[in-house]
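Undergrad: Have a look at this one before I ask anything.
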Amino acid sequence: MKLYYSPGACSVGIHVVLEEIGKPYELSPVALKDGAQYKPEYMAINPKSKVPALQRDDGSVLTEWPVIAAYLARTNPEAKLMPTDLEGEIRCMEMLDYVCGTIHPQGFTRQFRATNFTSREEDLPKVIEQGKQLAAKYFDTLEKGWTHTGTWVLPSGYSVADAALFFVEYWAARRSGMSLPPHLDAHLKAMLARPAVQRTLQQEGLPA
Amino acid sequence: MKLYYSPGACSVGIHVLLEEIGKPYEAVLVNLREGAQFKSEFTAVNPKSKVPTLQRDDGSVLTEYPAIAYWLSATNPGAGLLPQGPEAIARALELTDFAVATMHMQGFSRIFRPANFASNEADHPAVQARGSEIFEKGLAVMDKALEGKEYLLGGYSFADTALFYVSFWWAGRLNRALPANVAAHYTRMKARPAVQRTLAAEGLA
């Protein structure tokens with residue numbers, strides 16, 4: 001199993017999942033900053049030019065964060081990373097999709113790749129500010145929807161949904177200087193206390 | 001079961017799934033053009049202000065296209081919308097996520113709502129051009145996935161409804177050309193009675 005990742009990219013969440021599972025895997029860096037995702041070596045693996053991509057032992061490649069997470073959880077049931085009942089499963093999926101389909105691309109891509117949104121240098125601060133506002137709004141929606149008393153996203157316990165929420169919380173706190181609402185702030189702290197998360201951050205050379 | 005939708009929005013794909021399943025449901029119009037998604041009546045149902053939103057018979061609400069599509073397919077096995085086995089399900093979700101999160105939200109949203117991406121009106125053509133580029137790259141991925149197949153997974157599945165709605169936007173609304181395999185898929189989809197009923201019900205036929 002090989003994870004194609006870029007340090008600190010959303011792939012960090014899948015990296016956490018692999019560390020939680022604890023079986024051997026290989027890490028292959030794709031330096032997004034140098035445009036390595038557009039080079040033929042990588043396009044041969046993932047023509048979508050994105051990380052994370054997971055190459056399995058038979059050579060086949062799986063893409064899309066929610067799908068990779070669900071696959072890893074399902075094929076490693078002993079790690080208990082995804083509810084097994086349909087209702088728990090779809091609530092988990094709903095969170096993965098919201099983080100990966102909305103919070104990341106709408107909230108954080110605006111902040112980290114503002115030039116994807118405007119060609120005018122003078123408009124860049126506006127794009128970044130809008131990204132922060134959107135991210136804050138999405139976090140607020142999650143905060144209001146956090147109606148159970150548990151530490152983890154799903155009332156049933158720790159799951160891949162926590163690894164998804166973690167990477168946007170981590171971006172907010174460590175890269176964007178945003179403050180998180182109470183439940184999410186406590187969630188980030190609980191994530192940072194997990195050995196699997198600590199190992200992941202260390203391997204990617206990221207601050208704890 | 002109640003589907004909150006807006007005519008021609010991505011909810012059209014979930015609408016197709018409900019028609020394929022064929023059980024009674026209610027379609028509730030949320031007029032995105034008039035901003036109905038931001039009114040308190042709707043945010044009480046879905047605070048994310050988005051369609052599709054599915055309200056189930058117990059009153060609980062499910063959001064996110066892939067989660068709704070998967071749930072409907074899993075709870076209606078007789079409709080044959082869920083591919084068999086974890087590997088095929090993973091592939092179906094992978095294609096669905098790509099259509100929704102990349103082709104739609106990164107590609108098409110730039111074309112249809114450039115103001116959400118750039119506040120300066122002079123930038124809109126560049127935003128739209130970038131949207132087309134992302135979308136066309138996505139079409140190429142889908143075209144390859146369809147090589148030698150009638151539907152994305154071989155047999156019909158929920159993933160086809162996601163490709164259908166982005167194809168419908170591109171070909172049906174913008175009159176842009178689809179690559180050969182995607183064009184054949186789109187034609188095949190439009191021939192399905194469930195799709196025809198959906199388009200008629202949303203006033204898009």
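Undergrad: If I go through region A:83-94 residue by residue, how many of them are open to solvent by 30 Å² or more (accessible area, probe 1.4 Å) and of a type in the set (A, V, I, L, M)?
TA: The number of residues fulfilling the criteria is 1.
Undergrad: Every residue in region A:163-185 that is more than 17 Å from residue A:107 (Cβ to Cβ) and open to solvent by 50 Å² or more (accessible area, probe 1.4 Å), please.
TA: A:182, A:183
Undergrad: Would you point out the residue of region B:100-156, among those that are of a type in the set (Val, Ile, Thr) and more than 9 Å from chain A (Cβ to nearest Cβ), that is surrounded by the most Cβ atoms within 10 Å (Cβ to Cβ)? Break it down stepwise before answering.
TA: Taking region B:100-156 and keeping what is of a type in the set (Val, Ile, Thr), we get B:100, B:102, B:111, B:127, B:134, B:141.
Next cut, more than 9 Å from chain A (Cβ to nearest Cβ) only: B:111, B:134.
Working: B:111: 22, B:134: 19.
If we take residues in region B:100-156 being of a type in the set (Val, Ile, Thr) and more than 9 Å from chain A (Cβ to nearest Cβ), then B:111 is surrounded by the most Cβ atoms within 10 Å (Cβ to Cβ).
Undergrad: What strands (runs of 3 or more DSSP E), lying completely within region B:3-118, carry at least 3 residues that are in contact (Cβ under 8 Å) with a residue 12 or more places away in the chain? Write out each step before concluding.
TA: Details: elements: B:26-29, B:53-55, B:61-63.
Per the criteria, B:26-29, B:53-55.
Undergrad: For the subset of region B:73-86 comprising residues that are modelled with pLDDT of 95 or more and within 10 Å of chain A (Cβ to nearest Cβ), which member is most open to solvent (accessible area, probe 1.4 Å)?
TA: Ranking the candidates gives B:75 first.
Undergrad: Hey, another quick one. Any chance you could count how many residues in region A:20-53 are more than 14 Å from the chain's Cα centre (by Cα) and in contact (Cβ under 8 Å) with a residue 40 or more places away in the chain? Explain how you work it out, then say what you get.
TA: Filtering region A:20-53 down to residues more than 14 Å from the chain's Cα centre (by Cα) leaves A:20-49.
Subset that is in contact (Cβ under 8 Å) with a residue 40 or more places away in the chain: A:20-23, A:27, A:45-46.
Qualifying residue count for the region: 7.
Each row is one residue, and each column tells you yes or no for (1) of a type in the set (A, V, I, L, M); (2) farther than 22 Å from residue B:103 by Cβ.
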site	(1), (2)
B:1	yes, yes
B:15	no, no
B:22	no, yes
B:28	yes, yes
B:31	no, yes
B:34	no, yes
B:40	no, yes
B:43	no, yes
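Undergrad: Can you find even one residue in region A:147-162 that is touching a residue at least 60 places away in the same chain (Cβ under 8 Å), touching a strand residue (DSSP E or B) at 6+ places or on another chain (Cβ under 7 Å) and either closer than 24 Å to residue A:101 by Cβ or surrounded by fewer than 19 Cβ atoms within 10 Å (Cβ to Cβ) (or both)?
TA: yes
Undergrad: Name the residues in region A:39-76 that are at the interface with chain B (Cβ under 9 Å from one of its Cβ atoms), among the small types (Gly, Ala, Ser) and within 16 Å of residue B:137 (Cα to Cα), would you?
TA: The answer is A:49, and nothing else.
Undergrad: Name every residue in region A:103-117 that is facing chain B (nearest Cβ under 8 Å) and either within 12 Å of the chain's Cα centre (by Cα) or open to solvent by 10 Å² or more (accessible area, probe 1.4 Å) (or both), in order of residue number.
TA: Scanning region A:103-117 gives A:105, A:106, A:116.
Undergrad: Scan region A:109-142 for residues that are in contact with a Leu (Cβ under 6 Å, 6 or more places away or on another chain) and within 27 Å of residue A:91 (Cβ to Cβ) and jot them down.
TA: A:139
Undergrad: If I go through region A:49-76 residue by residue, how many of them are open to solvent by 30 Å² or more (accessible area, probe 1.4 Å) and either in the same structural domain as residue A:184 (by TED's automatic domain parsing) or in contact with a helix residue (DSSP H, G or I) (Cβ under 6 Å, 6 or more places away or on another chain) (or both)?
TA: Residues in region A:49-76 being open to solvent by 30 Å² or more (accessible area, probe 1.4 Å) and either in the same structural domain as residue A:184 (by TED's automatic domain parsing) or in contact with a helix residue (DSSP H, G or I) (Cβ under 6 Å, 6 or more places away or on another chain) (or both): 2 in total.
Undergrad: What pairs can you find where one residue is in region B:150-173 and without any contact (Cβ under 8 Å) to a residue 12 or more places away in the chain, the other is among the aliphatic types (A, V, I, L, M) and in a helix (DSSP H, G or I), and their Cβ atoms are less than 9 Å apart, with a gap of 6+ or different chains?
TA: B:154/B:88
Undergrad: Is one or more of the residues making up region A:136-148 within 17 Å of the chain's Cα centre (by Cα), among the hydroxyl-bearing types (Ser, Thr, Tyr) and more than 15 Å from residue A:189 (Cβ to Cβ)?
TA: Checked against the condition, which is being within 17 Å of the chain's Cα centre (by Cα), among the hydroxyl-bearing types (Ser, Thr, Tyr) and more than 15 Å from residue A:189 (Cβ to Cβ), region A:136-148 yields at least one hit.
The values are calculated or read from the model by the stated rules, or taken from the named source; none is laboratory data. These numbers come from a predicted model, not from an experiment. Counting neighbours? That spans all protein chains shown, and the Cβs are built from the backbone with ideal geometry, glycine included. Surface areas here come from the heavy atoms of the whole protein model, side chains and all, with no ligands, DNA or RNA. Shrake-Rupley method; radii C 1.70, N 1.55, O 1.52, S 1.80 Å.
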